[in-house]
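Asks: My questions will all concern the structure given below.
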Amino acid sequence: MNAIIIGASSGIGNEVARLLLQRGWHCGIAARRTEPLEQLRSEYPQLTETETIDITSEEAPERLLQLIERLGGMDLYFHASGIGKQNRDLQTDIEMSTVDTNAMGFTRMVDTAFNYLASHGGGHIAAISSIAGTKGLGPAPSYSATKAFQNTYLQALEQLANARRLNIRFTDLRPGFVDTPLLDGDNHFPMMLRPQQVAKEMVESIERRRHVRVIDWRWRIITALWRLIPRSIWRKLSL
């Protein structure tokens, strides 16, 4: 089985790539930073191909297709690339860079993966979104908005694949707060999850072909409660 992992240089993406390699998958790993990718390839030289990909770049789709070709095909596309930052002062550069990566870059890469699988017999697309897409979060406006975009986009592609009778499966992975470099420098977050624990549940969710998975059980309860809070009350909450 062949998997492409975008955003494999650190955090959850790196842990998922490591788990798949341990299970004998052939993996094409990509990110903006090449050093961590080469370290992983040195551990699994027979199973790994690497590529430098910046998902905000117009040439990213071409690089992805080149990586797929070197790998010999793709059964699973795993999207772990993303950025996030609290922005209570609403600095425009932070908001725009988040949209560029989490919405524009996400769409650019997932569309490329979808079209490839559509023309090669199908496969599986899995992406890390977030519980932050459940409600608009005042401390991180563009982050929560782009995660909601990802949730809806994956749902729409799933409907499109079914309408076109394509054998493409989807898994929307929504973790709570994870102890990764993504949250470095921000305020303390409650109920932080370990990336190894999160990656294991994500791989299991892909294997079980789950459509949507909130990780972990505590966050499943919290997000269910969030959805019940009326908008009139939510907008007055101080987060």
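Asks: Exactly one of these conditions fails for residue 182: (1) part of a helix (DSSP H, G or I); (2) open to solvent by less than 60 Å² (accessible area, probe 1.4 Å); (3) modelled with pLDDT under 90. Give me its number.
Replies: So residue 182 meets the others, but not (2).
Asks: In this structure, does residue 146 turn out to be in a helix (DSSP H, G or I) and either among the aromatic types (Phe, Trp, Tyr) or open to solvent by 20 Å² or more (accessible area, probe 1.4 Å) (or both)? Spell out the reasoning first.
Replies: Values: in a helix (DSSP H, G or I): yes; either among the aromatic types (Phe, Trp, Tyr) or open to solvent by 20 Å² or more (accessible area, probe 1.4 Å) (or both): no.
No, not satisfied.
Asks: Based on this model, can you work out whether residue 13 counts as out of contact with any helix residue (DSSP H, G or I) (no Cβ under 8 Å at 6 or more places or on another chain) and more than 29 Å from residue 132 (Cβ to Cβ)?
Replies: Values: out of contact with any helix residue (DSSP H, G or I) (no Cβ under 8 Å at 6 or more places or on another chain): yes; more than 29 Å from residue 132 (Cβ to Cβ): no.
For residue 13, the condition - out of contact with any helix residue (DSSP H, G or I) (no Cβ under 8 Å at 6 or more places or on another chain) and more than 29 Å from residue 132 (Cβ to Cβ) - is not met.
Asks: Could you check the range 66-99 and list, in sequence order, the residues that are free of Cβ contacts under 8 Å to residues at least 24 places away in the same chain, closer than 30 Å to residue 119 by Cα and acidic (Asp, Glu)?
Replies: Across the range 66-99, the qualifying residue is only 69.
Asks: Quick one: is residue 174 surrounded by fewer than 18 Cβ atoms within 10 Å (Cβ to Cβ) and in contact with a helix residue (DSSP H, G or I) (Cβ under 8 Å, 6 or more places away or on another chain)? Walk me through it before giving the result.
Replies: Numbers: surrounded by fewer than 18 Cβ atoms within 10 Å (Cβ to Cβ): no; in contact with a helix residue (DSSP H, G or I) (Cβ under 8 Å, 6 or more places away or on another chain): yes.
When the stated conditions are applied, residue 174 does not pass them.
Asks: Return yes when residue 136 is assigned to a loop (DSSP other than H, G, I, E, B) and surrounded by 19 or more Cβ atoms within 10 Å (Cβ to Cβ) and no when it is not. Can you show your working first?
Replies: Values: assigned to a loop (DSSP other than H, G, I, E, B): yes; surrounded by 19 or more Cβ atoms within 10 Å (Cβ to Cβ): no.
It is false that residue 136 is assigned to a loop (DSSP other than H, G, I, E, B) and surrounded by 19 or more Cβ atoms within 10 Å (Cβ to Cβ).
Asks: Then there is this: Based on what the data block shows, is residue 113 part of a helix (DSSP H, G or I) and in contact with a strand residue (DSSP E or B) (Cβ under 6 Å, 6 or more places away or on another chain)? Spell out the reasoning first.
Replies: Details: part of a helix (DSSP H, G or I): yes; in contact with a strand residue (DSSP E or B) (Cβ under 6 Å, 6 or more places away or on another chain): yes.
Taking the combined requirement at face value, the residue satisfies it.
Asks: Return the residues of the range 116-133 that are in a helix (DSSP H, G or I) and either under 23 Å from residue 214 (Cβ atoms) or open to solvent by 20 Å² or more (accessible area, probe 1.4 Å) (or both); say none if nothing qualifies. Step through it out loud before you land on a result.
Replies: Taking the range 116-133 and keeping what is in a helix (DSSP H, G or I), we get 116-118, 131-133.
Result: 116, 118, 131, 132, 133.
Asks: Given the criteria open to solvent by 30 Å² or more (accessible area, probe 1.4 Å), in contact (Cβ under 8 Å) with a residue 60 or more places away in the chain and in a helix (DSSP H, G or I), does residue 18 qualify? Please lay out each step first, then the result.
Replies: Numbers: open to solvent by 30 Å² or more (accessible area, probe 1.4 Å): yes; in contact (Cβ under 8 Å) with a residue 60 or more places away in the chain: yes; in a helix (DSSP H, G or I): yes.
So residue 18 fits the description; yes.
Asks: Restricting to the range 193-239, and then to whatever is in contact with a helix residue (DSSP H, G or I) (Cβ under 7 Å, 6 or more places away or on another chain) and part of a strand (DSSP E or B), can you tell me which residue is least open to solvent (accessible area, probe 1.4 Å)?
Replies: Selected residue: 215.
Asks: Given the criteria within 18 Å of residue 129 (Cβ to Cβ), within 18 Å of the chain's Cα centre (by Cα) and at pLDDT 95 or above, does residue 168 qualify?
Replies: yes
Asks: Go through the residues of the range 158-165 one by one and say whether even a single one is under 25 Å from residue 20 (Cβ atoms), over 18 Å from the mean Cα position of the chain (by Cα) and surrounded by 15 or more Cβ atoms within 10 Å (Cβ to Cβ). Steps first, answer last, please.
Replies: Quick first cut of the range 158-165, residues under 25 Å from residue 20 (Cβ atoms) only: 158, 161.
Then drop every residue that is not over 18 Å from the mean Cα position of the chain (by Cα), which leaves 161.
Subsequent filtering for residues that are surrounded by 15 or more Cβ atoms within 10 Å (Cβ to Cβ) retains 161.
Within the range 158-165, one or more residues are under 25 Å from residue 20 (Cβ atoms), over 18 Å from the mean Cα position of the chain (by Cα) and surrounded by 15 or more Cβ atoms within 10 Å (Cβ to Cβ).
The values are calculated or read from the model by the stated rules, or taken from the named source; none is laboratory data. Bear in mind that the values here come from a model prediction, so they are computed numbers and not experimental data. Note: ideal-geometry Cβ built from the backbone for every residue, glycine included; neighbour counts use all protein chains shown. Note: areas computed on protein heavy atoms with side chains; ligands, DNA, RNA excluded. Shrake-Rupley method; radii C 1.70, N 1.55, O 1.52, S 1.80 Å.
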